[in-house]
Amino acid sequence: MSLKDSITKRLDGTPNEAFRIRIAAVGIAVVGLLFILRLFILMVVQHSFYTNLASGTHEVYSKLFPERGEVFVQDSRTKEEYPLAMNRDYFLVYANTKEILDDETAKFVTEVLAQTFQYDDAKKLEVYTRLNKRDDPYEPLEPKVDENVMNILLEQELAGIHGVRVPFRFYPEYRLASQVIGFLGKNEKGENVGHYGIEGYWDKELAGQGGFVEGAKNAVGGLIAIANLSKKPAEDGPDILLTLDRTIQSRACDILKQGVIEYGAKSGSLIIMDPYTGSIRAMCSAPDFDPNDYGNVEDAEAYNNSNIFVAYEPGSIFKPLVMAAAINEGLVSPNSGFFDSGVSEGVCDTPIKNAGDKSYGQTDMTGVLVDSINTGMVHVGKLLGKEKLVKYMEKYGLHVRTGIELDTEADGNIESLYKSSKFDCYSATATFGQGVMVTPLQMTTAFAAIANGGKLMKPQIVEELRYEDGRVERFKARETAQVLDGKTASLVSAMLVNVVERGHATKAKIPGYYIAGKTGTAQIAENGRYIQDMNHSFIGFAPVENPKFIMFVKLEKPQRAYAESTSVPIFGDIAKFLLQYYRIPPER
């Protein structure tokens, strides 16, 4: 049979069962594969799409947004509290341009908005153009409008102008403690995120946890109670009570700002701490910013809390830490003699000299601090030795961050002390605060060990977390090390009183009180070399017998020669206020 005859028979319906079965099997297999492929696409590749589509028609998923925790400061005497960061409703003003029917209406509405919000000509033109779209039901115009202003606009019944209530973060004290509080901004997704300070460090806790309600819908849109309904309520973020004293923060930081201006400094830093607990009563940097308008700054450095963010070479305020270590080891006493020739040789390639190339002749260890003698401190460092010098710097906590609950804390740097096992040039210059880097907070915490009897206290700026369910988490004072014995601390405190009474810090004297402190005028290292500009610091505490506060003051690049004429008088003005504020009676 020819091929043609065979095909003809099949077309005419001549039975060929095997051939037909094969054709049918192939067809079924193809259809099955297509069906499986479609299921794979629906159930795997496009699963999330169809799940979301189903949610819109068969389920309810209502996200519940928590309220951000608020932040409070206090009056440490009366315990009265004041909000530093709170939640406040504003209005977003928008236009439904479909309701603006002609050009004259658009012009009129633009003029009213311009008068209300003080638009310039360019802004007026922009708003007028946007109002003339005529097809946009939602055209945002002003994102943050006070309720009183919103009410005035609504009373005028402007065509197309509407407002919607929107919660915002509000800082009622404006610039007060701005670097401590930080601000609430946006991330790249447009979500609220805390930046800097408390808002940054505690962002996750303050934000709280969102909740939800989920379940099936009935035909009219209601929830079906038996259809696996699940819900989780939102958890508001906890409120935070800070250790800051509102009155001290306000007054002390105002004096610092005035000093920055008066002495022509680039910036200023200030810390006031309770030396026995580590509680921060004031902390500020100048210049500062308004967290309600955080974008309006000349330089983003204004956001940085220089007390924890900027490490620097402290200079002579470092000397009492080294002196205390040597006294604690029994190597010297306040009356131990020393002859100053004005030069210390044999340790560095270049001889070490005193400020102004001065020499002081025969003196003692108290005189070394009173006259701030660099060569005397090198002598003390040699007696102490490299191993013990490093041991005490670590006991003071200068090799690690303090762990304060603020964003973002920087490291200090005492790496130069680890370069050699011998007492070398790095060790020698470290004895008078050169070649080592510390943050103001590290310096204050270490110095407080002299004021409080020898204990290193962890600095604390958060006193309480208060949760929505009524729980209160209290932060207690925490001792991290016993650096000095009580006798050493008392001896060094007395030596520092002499610095104020007859040394470079006489402008810190306050009639009727014994003030202990030390000045520091330190060179600034830039690009591997020292420049002519200086950092001026002063750190001190009072009353010396039972200190109520320890205070650190620093000015960056002031236009005067020495700290005794810049940071010291700032300290004196604030200390006088503090003694009156705490109602501490004169001790002499």
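What follows is calculated from the coordinates using simple rules that are stated; it is not laboratory data. Everything quoted here is computed from the prediction, not taken from an experiment. So basically every Cβ, Gly included, is an ideal-geometry build from the backbone, and we count neighbours across all protein chains shown.
When the Cα centres of segment 248-326 and segment 453-476 are compared, how far apart do they sit, in Å? The two parts, judged by their Cα centres, are 22 Å apart. The alpha carbon centroids of segment 348-379 and segment 92-112 are separated by 76 Å. Applying a threshold of 28 Å to the alpha-carbon distances of Lys204/Lys391; Lys266/Lys576; Lys386/Lys509; Lys507/Lys557 flags Lys204/Lys391; Lys386/Lys509 as lying beyond it.
Helix 121-131 and the long axis of the chain differ in direction by around 30°, with both axes built from C-alpha atoms.
Think of it as helices only: each DSSP H run of n ≥ 4 in the chain is worth -39500 (n - 2.57), and spread over all residues that comes to -10500 deg cm²/dmol at 222 nm.
Label sites at Gln362 and Glu157, each approximated as a point 7 angstrom past Cα along Cα to Cβ, lie 9.9 nm apart. In this structure, Val149 and Ala481 have a Cβ-Cβ separation that, at R0 = 60 Å, corresponds to a calculated FRET efficiency of about 0.60. Spin-label pair Asp75-Phe339: with each label point 7 Å from Cα along the Cα-Cβ axis, the two points sit 6.1 nm from one another.
Counted by neighbouring Cβ atoms within 10 Å, the residues Asp89, Asp349, Asp407 run from fewest to most as Asp349, Asp89, Asp407.
Test of understanding: ordering Cys253, Cys284, Cys348 by Cβ neighbours within 10 Å, fewest first, what list do you get?
Cys348, Cys253, Cys284
Among residues other than Gly453 with Cβ under 10 Å from its Cβ, the summed charge is +1 (Lys and Arg +1, Asp and Glu -1). As a rough guide to protection, the peptides 484-490, 115-121, 236-242 ranked by mean Cβ packing within 10 Å, highest first, stand as 236-242, 484-490, 115-121.
Taking other Cβ within 10 Å of each residue's Cβ, how do His536, His379, His162 sort, fewest first? Could you put the intermediate results ahead of the total?
On the way: His536 29, His379 22, His162 18.
Fewest to most other Cβ atoms nearby, the residues stand as His162, His379, His536.
When segment 89-175 is described by a simple charge dipole with +1 on each Lys and Arg Cβ and -1 on each Asp and Glu Cβ, the residue from Val145, Leu131, Leu101 located farthest towards its positive end is Val145. Spacing of the modelled spin labels on Glu415 and Tyr530, each 7 Å from Cα toward Cβ, amounts to 2.1 nm. Would you mind checking the tilt of helix 47-58 against the longest principal axis of the Cα atoms of the chain, expressed as 0 to 90 degrees and rounded to 10? Rounded to the nearest ten degrees, it is 80.
By how many degrees, between 0 and 90 and to the nearest 10, does the Cα long axis of helix 486-502 differ from the longest principal axis of the chain? So the helix axis and the longest Cα principal axis differ by about 70 degrees. Less than 5 angstrom separates the built amide H of Lys133 from none of the residues sequence-distant by 5 or more or on a different chain.
Counting only Cα atoms, segment 88-172 measures 41, 25, 20 Å along its principal axes, largest extent leading. Pairs of Cα atoms nearer than 8 Å and 6+ residues apart set the relative contact order; for the chain it is 14 percent.
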